[in-house]
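Undergrad: Structure provided below as structure tokens; questions to follow.
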Amino acid sequence: MGTNGGGFFNQLGAPVENPTAFTNFVESSCTRDPGGAGLHVRPHVGNRRQGYAIFATMMVSSSRRIVCYIAEAHGSPAQHAAGLHTGAIAGSAGGNLEGKEQRFGIAGSSLFDVVTTVTSCGAVNSAIESFTGIGGAVPFANLSASE
């Protein structure tokens, strides 16, 4: 649950430590939990307004994962210009799957990347540079905001 990457086998988010979509979700949740725990402490120490401000900031940063998922599920303009079908059909999840972790698909990969970059963890399970323009802007903005 550290925020500096690494892990038992020195590969955070790799197949050894993250074998299924369920463990991908659990690992994403564990990354968010330490920061979310601070929200429950603030009212008890008499600083409720600061707790609300932190909660609002966390909600805005958490809503970014929806933007990232929609952008990746829609596909890139280059894919559309090439005439590629980016909709979900039988045998294809659709969207921009290039550079994504195939076991988790677009939803799991975009969730994990947005959560780990907003918490300044830095562990990703897909290549951020292969995201679409808007989809890749979200993790990169998270990285620059966490500095």
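The values are calculated or read from the model by the stated rules, or taken from the named source; none is laboratory data. These figures come from a predicted structure and were not determined experimentally. A quick note on method: Cβ atoms are made from the backbone with ideal geometry, for glycine too, and the neighbour counts reach across all protein chains shown. We work out accessible area using only protein heavy atoms, side chains counted, and drop any ligands, DNA or RNA first. Shrake-Rupley method; radii C 1.70, N 1.55, O 1.52, S 1.80 Å.
Undergrad: With all protein chains present, calculate the accessible area of Phe25 using a 1.4 Å probe and round the result to the nearest 10 Å².
TA: Accessible surface of Phe25 is approximately 110 Å².
Undergrad: Just to be sure I understand the model, the point goes 7 Å from the Cα along the line to the Cβ. What's the resulting Val67 to Phe55 distance in nm?
TA: In this crude spin-label approximation the distance works out to 2.3 nm.
Undergrad: Which value, in Å², gives the accessible area per residue of the stretch 50-117 when a 1.4 Å probe is used on the protein heavy atoms? Could you put the intermediate results ahead of the total?
TA: On the way: 3590 Å² over 68 residues.
The answer is 53 Å² per residue.
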